[in-house]
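Asks: Pasting a structure here, questions to come.
The values are calculated or read from the model by the stated rules, or taken from the named source; none is laboratory data. These numbers come from a predicted model, not from an experiment. Please note: Cβ atoms are built from the backbone with ideal geometry, for glycine as well, and neighbour counts cover all protein chains shown. Note: accessible area is taken over every heavy atom of the protein model, side chains too, but ligands, DNA and RNA are not part of it. Shrake-Rupley method; radii C 1.70, N 1.55, O 1.52, S 1.80 Å.
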Amino acid sequence: MHDVAAHAATLDALPFATAVVEPVSGRLVHSNRRFEHDWRRQARLPLCDHLPALIHPDDRRLLDDLLHCAAHEHSQPVSLRVPLAAGGEKWALVDHSHWSAHLTGGLPLLLVQLADITAQKQREAEVSTREIRWNSALISSVSGVWDHHYAIGVKYYSPTWRLLRGLTEDDPLPASKEEWLKRLHPDDVDYTLHAMERQEAGDPAYQMFLYRERHADGHWVWIECRGACVERAPDGRPLRVIGTDTDVTDRIEAEHGRAQMARRLEIALTLSGVGVFEADLVTGKVYWDDRVYEMYGLSPGEEIRVGETWESFLHPEDRPRILAAVTADRDADRRFSDEYRIVLRDGSERVIRSCTVTYTDQDGHQKMVGANWDITRDVMLQRELDRARRMAEARNEELEAARSSIEYNAMHDYLTDLPNRRYLDAMMAREAAHCAREGSALGVLHIDLDRFKQINDTLGHGAGDAILKHAASVLRRLARAEQFVARIGGDEFVLLAPFTGSPRKLSALADRLVRALSEPVLHEGRECRVGASIGIAWMTGGEIDARQLLLNADMALYRAKKGGRNRYEFYSAATHEELVLAKRTADDILQGIETRQFFPVYQLQFDAGSLDICGAETLARWQHPRQGLLMPDAFLSIAEDIGALSIIDDLILEKALEDHARLTELGLVLPKLSANVSYRRLLDPGLIRKLRKQSVAPGLLSFELLESTFLDNCDDQVMRNLTQLKRLGIDIEIDDFGTGHASIVSLLQLSPNTLKIDRQLIRLLPQSAEQRRLVGSIIEIGKSLNIRVAAEGVETMEHARILRELGCDVLQGFALARPLPFNELVTFMRSGGWRETCC
């Protein structure tokens, strides 16, 4: 014991709480000042002289084990609790070593040190609590946890993460990111990769993002991914990213449903003209939508005050009644519904219908929500109706006459006095019902006037109106009493013909109509000629569908016009297929223009005397991607219907001029190119500007005009363009001469360079002396007017010989040369083979 006393000063100087104790019993032999201050004085039993008495009863066994083991060998430190006199407890880390002094009996004393680890234990407890809470949250949460620990190459996915995707613990996960990306919705792959990259980079905008992933059972699951990088390398690379995935499919679908419902409501409100408002009677906050602002003539966003703004607009005569009604209904918790007048700031009046309900929201605020309709027009109309009713009561006969006149005008065409489309619809329904009862049939003749637009454009609307009145008169005259005629718009008419027996009756009627409508009409001293194309359709008994019947007749009309006009066609399945084909062809034409599928071929023209090449007519061809090479009759009419013919003409002319330049470079001489031009193109004010851009050499190009272009009645724009063409050095040729009705006066007025005799007049020359005399007369007319004469359709050398003898200037036809593409044209011109054929 004297050894302990000798070292007391040394023990007191130690910075640690230290005591010398006996092994096994733990009796305190000596303790330094730090031990006394930090532990003994604060302990619940400060006067005890045994160390175990200071320790929490539950921990004394650990201390006993330490004291018993320490008597013989060194043992590990232990953590023990020390109850405090002030309440609570402190944690001590107890360690020991053997003391050099010995007790009687030879057992060594123990040097025991106590370190305060209370703060450490509290932190450990807090961490443990957090871990317990986190684990509990993970178990109960609907979110799946993922942990990408790139630094050690470990990825963790919680059971809930798997459950979201329909996976069990035993199901394998995708082996790579690429495999995982295959499970994502195709529309979300790029966005998801970008979002993951930005999330790992720490971009706040991407701490949360959404994407779709395929569930194990095949449907798509909306995933809300939240994550953050929690550990980075010195160079900024993410080493560990942790986050959660949540299945928000129900929420997204609900949001989509709400958005769809909101859109439908907005559309309904917009279409109905209803304005919506809401007012908080406690806070004074008011919401008006744009339609309410518009009704009251206010700018959107202008402040609305409860009890002031709306009330200020009420008409003085209506204000007391409406305010009293609103108050009474609100107090009685009834719905308010009424009509009243408002006075706008510009002094104008409007009539409003309002419906309002009062309710209390979750905050206890009383609110009013409702809708307004501007019914000013309805009220004005009602007032007019009331006035008319009052007048009717006073003057019943006069009103009846006026009503009859209004009804008549509403059901008849103002120009021709024929029934209109509205009347036709009603009549078709009536006739269909009658046919269903009687078992009879109903025929529909859809009539369209041919060449009406040309007369309207060239002679003016006065002439067009006269033609329409004449057509209406003809239809009235030829229609029987049980038949019904209507004008449905423009130059289109419909004739309803109920019948029994054979539909050949409709053919006979159509024949009479075509003949009658083809007769010339005299207008202001001018003879106008139109024709009629008629589409016929019919149905029997109860199968009559009025709308389809009209549609069938319209399709038959299309086929009649395409077949050459001035004729009629019955509807058939082929007619429908033809319309479908026409639509497909129209689409292909537009595609063909874009991809330059149209190109020219050239039919050479020869001097009748020398057989030298004197020109070539450019003819359009279409290299269709599926149908191969198509001739003009397969596409020109449809191209004209869709307004694409002039574009094709431009493409053909542009290519022809390029080919002519190539011929010149090859040393081949082609003196002239001719191209067909439609009447519609001659009406184009931009035609001359386009041709100037082509820089056409004077005398190289000629335009062929069909004689059927009505040269006697040309539009002023056409004549201006023809004059400008001549100034550009472009010659004019009359094509198909002999089949139309151009007069000598029109030839003198137009002064063409060439007349091209139609092939139909050339075909029978070898067999018909009458045809030879007719062609000879045309040639003589041309020579007398100093106009060159060309013949097309020269199919044999006999044709060529006769035409040469009659004095024809130019020959064109298969006997001399077929239409040739550019490469074959070059070979043909170099060979000179036509001379051997002709000789």
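Asks: Out of all the residues in the range 753-765, which are in a loop (DSSP other than H, G, I, E, B) and open to solvent by 50 Å² or more (accessible area, probe 1.4 Å)?
Replies: Asn753, Arg763, Leu764, listed by residue number.
Asks: Let me ask something else about it. From the list Asp684, Asp659, which one is free of Cβ contacts under 8 Å to residues at least 40 places away in the same chain, open to solvent by less than 50 Å² (accessible area, probe 1.4 Å) and more than 16 Å from Arg727 (Cα to Cα)?
Replies: Asp684
Asks: Condition test on Thr664, is it among the hydroxyl-bearing types (Ser, Thr, Tyr) and outside any helix (DSSP H, G or I)?
Replies: So Thr664 fails the test.
Rundown of residues vs (1) under 26 Å from Ser702 (Cα atoms); (2) assigned to a strand (DSSP E or B), yes/no style:
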{"site": "Arg773", "(1), (2)": "no, no"}
{"site": "Ile778", "(1), (2)": "yes, no"}
{"site": "Gly782", "(1), (2)": "yes, no"}
{"site": "Cys808", "(1), (2)": "yes, no"}
{"site": "Leu811", "(1), (2)": "yes, yes"}
{"site": "Phe814", "(1), (2)": "yes, no"}
{"site": "Ala817", "(1), (2)": "yes, no"}
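Asks: Which residue, of Gly490, Gly525, Gly462, is over 30 Å from Glu407 (Cα atoms) and open to solvent by 10 Å² or more (accessible area, probe 1.4 Å)?
Replies: One residue alone meets the criteria, Gly525.
Asks: Okay, moving on. Among the residues of the range 520-540, write down those that are under 17 Å from Lys505 (Cβ atoms) and either assigned to a loop (DSSP other than H, G, I, E, B) or not hydroxyl-bearing (Ser, Thr, Tyr) (or both).
Replies: Passing the criteria: Ile534, Gly535, Ile536, Ala537, Trp538, Met539.
Asks: What number goes with the only condition from (1) open to solvent by less than 60 Å² (accessible area, probe 1.4 Å); (2) out of contact with any Leu (no Cβ under 9 Å at 6 or more places or on another chain); (3) not β-branched (Val, Ile, Thr) that Arg183 does not pass?
Replies: Every condition holds for Arg183 apart from (1).
Asks: On the basis of being open to solvent by less than 30 Å² (accessible area, probe 1.4 Å), among the polar types (S, T, N, Q) and outside any helix (DSSP H, G or I), does Gln623 make the cut?
Replies: Spelling it out, it is not the case that Gln623 is open to solvent by less than 30 Å² (accessible area, probe 1.4 Å), among the polar types (S, T, N, Q) and outside any helix (DSSP H, G or I).
Asks: Also, I was wondering about something else. Have a look at Ser97, Ser128, Ser136 and point out the one that is of a type in the set (Gly, Ala, Ser), open to solvent by 60 Å² or more (accessible area, probe 1.4 Å) and either modelled with pLDDT under 90 or not in a helix (DSSP H, G or I) (or both).
Replies: Checking each option against the conditions leaves just Ser136.
Asks: Out of Arg162, Arg212, Arg251, report the one residue that is within 13 Å of Ser143 (Cα to Cα), of a type in the set (Lys, Arg) and either open to solvent by 40 Å² or more (accessible area, probe 1.4 Å) or not in a strand (DSSP E or B) (or both).
Replies: Among Arg162, Arg212, Arg251, only Arg162 is within 13 Å of Ser143 (Cα to Cα), of a type in the set (Lys, Arg) and either open to solvent by 40 Å² or more (accessible area, probe 1.4 Å) or not in a strand (DSSP E or B) (or both).
Asks: Inspect all residues belonging to the range 188-198 and state whether any of them is open to solvent by 40 Å² or more (accessible area, probe 1.4 Å) and basic (Lys, Arg).
Replies: Yes: the range 188-198 contains one or more residues that are open to solvent by 40 Å² or more (accessible area, probe 1.4 Å) and basic (Lys, Arg).
Asks: Related question: Residues of the range 564-586 being under 29 Å from the mean Cα position of the chain (by Cα), of a type outside the set (A, V, I, L, M), modelled with pLDDT of 75 or more and open to solvent by 50 Å² or more (accessible area, probe 1.4 Å), which ones?
Replies: Hits for the range 564-586 are Glu577, Lys583, Arg584.
Asks: Now for a separate question. So, in the range 285-296, exactly how many residues are in a loop (DSSP other than H, G, I, E, B) and surrounded by 15 or more Cβ atoms within 10 Å (Cβ to Cβ)?
Replies: Qualifying residue count, the range 285-296: 2.
Asks: Let me ask you something else. Across the range 708-734, what is the total count of residues that are under 15 Å from Ser674 (Cβ atoms) and modelled with pLDDT under 85?
Replies: Of the residues in the range 708-734, 0 are under 15 Å from Ser674 (Cβ atoms) and modelled with pLDDT under 85.
Asks: With the range 319-408 as the region, which strands (runs of 3 or more DSSP E) entirely inside it contain at least 1 residues that are farther than 20 Å from Asp290 by Cα and touching a Lys or Arg at 6+ places or on another chain (Cβ under 7 Å)?
Replies: Qualifying strands (runs of 3 or more DSSP E): 336-343, 349-360.
Asks: Test each condition in (1) surrounded by 13 or more Cβ atoms within 10 Å (Cβ to Cβ); (2) free of Cβ contacts under 8 Å to residues at least 60 places away in the same chain; (3) under 27 Å from Ala151 (Cα atoms) for Pro172 and report the one that comes out false.
Replies: Condition not satisfied by Pro172: (1).
Asks: Take the range 142-159 and flag every residue that is within 25 Å of Asp217 (Cβ to Cβ), of a type in the set (A, V, I, L, M, F, W, C) and open to solvent by 30 Å² or more (accessible area, probe 1.4 Å).
Replies: Val142
Asks: Pairs please, first residue from the range 377-390 and surrounded by 11 or more Cβ atoms within 10 Å (Cβ to Cβ), second anywhere and among the acidic types (Asp, Glu), Cβ atoms under 9 Å, 6+ apart in sequence or on different chains.
Replies: Note: pairs meeting the criteria are Val379/Glu339.
Asks: For Ala92, state whether it is loosely packed, with under 11 Cβ neighbours inside 10 Å, at pLDDT 80 or above, under 21 Å from Asp59 (Cα atoms) and aliphatic (A, V, I, L, M).
Replies: Criteria not met by Ala92.
Asks: May I pose another question? Please state which one of Ala556, Ala582 is of a type in the set (Gly, Ala, Ser) and farther than 30 Å from Phe822 by Cα.
Replies: Of the residues listed, the single one that is of a type in the set (Gly, Ala, Ser) and farther than 30 Å from Phe822 by Cα is Ala556.
Asks: Checking Ile638 against (1) assigned to a helix (DSSP H, G or I); (2) closer than 21 Å to Ser702 by Cα; (3) β-branched (Val, Ile, Thr), which test does it fail?
Replies: All conditions pass for Ile638, except number (2).
Asks: Right, another one. Do we have Leu630 as touching a strand residue (DSSP E or B) at 6+ places or on another chain (Cβ under 6 Å), modelled with pLDDT under 85 and either of a type in the set (Lys, Arg) or open to solvent by 10 Å² or more (accessible area, probe 1.4 Å) (or both) here?
Replies: no
Asks: A further question follows. Is it the case, given these coordinates, that Val369 is surrounded by 13 or more Cβ atoms within 10 Å (Cβ to Cβ) and free of Cβ contacts under 8 Å to residues at least 60 places away in the same chain?
Replies: no
Asks: Filter the range 215-238 for residues that are out of contact with any Leu (no Cβ under 9 Å at 6 or more places or on another chain) and either closer than 28 Å to Thr249 by Cα or assigned to a strand (DSSP E or B) (or both) and give the result.
Replies: Within the range 215-238, Asp217, Gly218, His219, Trp220, Arg226, Gly227, Ala228, Pro238 qualify.
Asks: Here is a further query. Could you tell me whether Leu706 is under 37 Å from the mean Cα position of the chain (by Cα), within 30 Å of Glu578 (Cα to Cα) and of a type in the set (A, V, I, L, M, F, W, C)?
Replies: The answer is no for Leu706.
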